[in-house]
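Enquirer: I am attaching a structure below and will ask some questions about it afterwards.
What follows is calculated from the coordinates using simple rules that are stated; it is not laboratory data. Only a predicted model underlies this, so the values are computations on that prediction, with no experimental measurement involved. Quick reminder, even Gly has a Cβ in these numbers, built from the backbone with ideal geometry, and neighbours come from all protein chains shown.
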Amino acid sequence: MSQVRSITTRSGILFFGKIIDAFFMFVFNLLAAKFIGAEGYGTYVYVSTLIMFLAIGIKLGMDHGLTAMLPSMRDDRREKELVSFSVYCLLAISLVLGILFIFGADFIADTVMNNPNLKQALVLFVPLMFPISFVQMSEGIFRSVGGIKHFFIGKNIIMPISLVGFFLFRVIWLKDVSVESLIFSNYFAWTINVFYLVGVLLKRRILVGLSRSNAAFFKKLMVISIPLIFVGLIEFLMGRIDAYVIGYKLTEVDVGVYSIVDKLAYIGNFMFITGGSMMAPVLARYYADGNYEELRSTYFAVNRWILIINTAVFGGLMLLGHQVLALFGPDFMVGDGVLYALSFAQLINAFFGPLTFLNAMVGLEKIEWRIGMGMLILNTVLDIVVSEPFGIHGVAVVSIFIYLIGNIIRMWWFNKRFGISLVSLSGFKIILLGVMAYLPVAFALKNNPFSGFMVTFILFGAAFSLLYLGLVWIWGLNRLDRQNLKKMIFRKNQ
């Protein structure tokens, strides 16, 4: 099996695993928007953004630090104590910071969030810092000590199903359609996830007491981890800074509309993330061997699949995005233009490919950190400038600009260091095939004789998908791509 086929196969497995999580989270967000409304949902997103930011910060980068230290450990007891130290440290920080935030809720709501009415929601959300942070850190733990399937089961199956189930119980049985229902549903889902993951750690006897003899290793973990705090924070802020600025400068209704639209536009990014993460170690090996030609060809081959999927999602959202937004309620119908802009931003990202993963694997991690920080600052400043005069549509256009400029700079740096261009004309061909499939279906949709959403969605969605995939099969794939795809399908049918 070739490296490309191996990467795409494993990425596909992760992709479909993510689909489970995405489906239930889509249902949760749909139900939340329908029952709570744009303002209530926006309040939930705005406050949760601050809590999620704190949850990433209080990890102190220990999830990355554990990943760096544990694989080289030869002492089983010391390995367990490092994991235990990180969990106990996280719990202590959560308690201290949680108490400070509860007592300072008035100041934080008024100053940091620019809305004193958010105090109650903030106080209710604060205790979730530890569950959220622990679950996030457990990915690094299980990747290092083995058993990553437990993290997958907890985070991608147990939690989203619990979230949807408990919210439906609150709404249907208790008739509670308030923001508190969303928050209490999160309590239920995150708590069950924590109990499951802690249970696994206890069963495997990984959580143990600490001994002073390993104090030097605890200190080494902190030395390695703390500089890595910014890796997670920058990644998180790039995805959430828009919602925070909108909440600070505009209204909770605007936050609610923008957040729903952003989640819809982000659908096609699953393959981008999974393909990039699976490709990263392969690229690192080619880089170590100095085999830049294989590195380049592998990057192009995998990114072609990423772009194919993202183009399909972009075309589908352009075609049926208005109908999908109607499902969330009339308040969200104003988000058409935002959806098209954010979908286009994701398409730009897919066209360039996972350059962040690539640069991190070829010795450009410091450059990547600086680019990320620079783009974050620029994004924040531009959001602040355009949010009031142009609203959420202006913020969406900023996202297009940030993705375009950021990827051009990343590509320029890679070309400067290695003399290798990552511009591929085949990417334009894939997008052109998407346009060719979109135009006739969009024309037919204008004369749609059906009024029902499901009939329209299924009929025109299927027409676009079949036409697009047919065009891609004929003109978008090379002979090797077709052979690999046939082998994958044939093998799964055995």
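Enquirer: Between L95 and E180, how high is the FRET efficiency from 1/(1 + (r/R0)^6) when r is the Cβ-Cβ distance and R₀ = 30 Å? Nearest 0.05. Before the final figure, lay out the partial values.
Expert: On the way: r = 23 Å, r/R0 = 0.77.
Using R0 = 30 Å, I get an efficiency of 0.85.
Enquirer: Also, I was wondering about something else. Tell me the relative contact order for the stretch 122-196 as a rounded percent, counting alpha carbon contacts under 8 Å between residues six or more apart.
Expert: After rounding, I find 40 percent.
Enquirer: Could you work out the relative contact order of the chain, using alpha carbon pairs under 8 angstrom and six or more residues apart, expressed as a whole percent?
Expert: Here the relative contact order equals 20 percent.
Enquirer: So for each of 388-395, 213-220 I average, over its residues, the number of other beta carbons within 10 Å; can you give me the resulting order with the highest mean first?
Expert: Peptide ranking by packing, descending: 388-395, 213-220.
Enquirer: Kindly rank 359-371, 240-252, 97-109 from highest to lowest mean number of other beta carbons found within 10 Å of each residue.
Expert: Top of the packing list down: 240-252, 359-371, 97-109.
Enquirer: Also, I was wondering about something else. Using the alpha-carbon centroid of each, what span in Å lies between the stretch 368-418 and the stretch 28-79?
Expert: 24 Å
Enquirer: Turning to a different aspect of this structure: Which whole-Hz couplings ³J(HN,Hα) result when phi for each residue of the stretch 238-252 is put into the Karplus expression 6.51 cos²θ - 1.76 cosθ + 1.60, θ = phi - 60°, listed in order with x for Gly and Pro?
Expert: Running phi through 6.51 cos²θ - 1.76 cosθ + 1.60 with θ = phi - 60° gives 4, x, 10, 5, 4, 4, 5, 5, 4, x, 6, 9, 10, 10, 5 Hz.
Enquirer: Using the beta-carbon distance between L432 and F390 and R0 = 41 Å, what value does 1/(1 + (r/R0)^6) give for FRET efficiency, to the nearest 0.05?
Expert: 0.85
Enquirer: Ranked highest first by the average count of other Cβ atoms within 10 Å around their residues, in what order do 295-301, 205-211, 311-317 fall?
Expert: Going by the mean number of other Cβ atoms within 10 Å, highest first, we get 311-317, 295-301, 205-211.
Enquirer: Follow-up. Where nothing but the Cβ of Lys and Arg (+1) and of Asp and Glu (-1) is charged, how large is the charge dipole of the chain around its Cα centre, in debye to the nearest 20?
Expert: 1980 debye
Enquirer: Do the sum for the chain: with -39,500 (n - 2.57) for every DSSP H run of n ≥ 4, divided by all residues, what is the mean residue ellipticity at 222 nm, to the nearest 500 deg cm²/dmol?
Expert: Computed ellipticity for the chain at 222 nm equals -27500 deg cm²/dmol.
Enquirer: Continuing with this model, one more query. With a ≥ b ≥ c the root eigenvalues of the C-alpha gyration tensor of the stretch 229-350, is it rounded (a/c under 1.5), prolate (a/b larger than b/c) or oblate?
Expert: Oblate, because a/c is 1.5 or more while a/b does not exceed b/c.
Enquirer: Now for a separate question. Checking the a/c ratio against 1.5 first, then a/b against b/c, what shape does the Cα gyration tensor give for the stretch 250-494?
Expert: The shape class here is oblate.
Enquirer: OK, next. Quick one: length gained pulling L378 to Y248 fully straight, 0.36 nm per residue minus the C-alpha distance?
Expert: Result for the pair: 45.1 nm of gain on full extension.
Enquirer: Continuing with the same structure: If you take the charge dipole of the stretch 250-494 about its Cα centre, with +1 on Lys and Arg Cβ and -1 on Asp and Glu Cβ, which of V441, L378, F418 is farthest toward its positive end?
Expert: It is F418.
Enquirer: How would you classify the chain from its alpha-carbon gyration tensor, with a ≥ b ≥ c the square roots of the eigenvalues: rounded for a/c under 1.5, else prolate if a/b is greater than b/c, otherwise oblate?
Expert: Oblate, since a/c reaches 1.5 and b/c is not below a/b.
Enquirer: Given a Förster radius of 25 Å and the C-beta distance between I19 and I148 as r, what FRET efficiency does 1/(1 + (r/R0)^6) yield to the nearest 0.05? Don't jump to the answer; show the numbers that get you there.
Expert: On the way: r = 18 Å, r/R0 = 0.71.
Efficiency for this residue pair is about 0.90.
Enquirer: In addition: Nearest 20 debye, what's the magnitude of the dipole of the stretch 250-494 about its Cα centre given +1 on Lys and Arg Cβ and -1 on Asp and Glu Cβ?
Expert: Details: 17 positive and 13 negative charges, 248 e Å.
Here the size comes out at about 1200 debye.
Enquirer: Measure out, as a whole number of angstrom, how far apart the alpha-carbon centroids of the stretch 121-143 and the stretch 189-204 sit.
Expert: 12 Å
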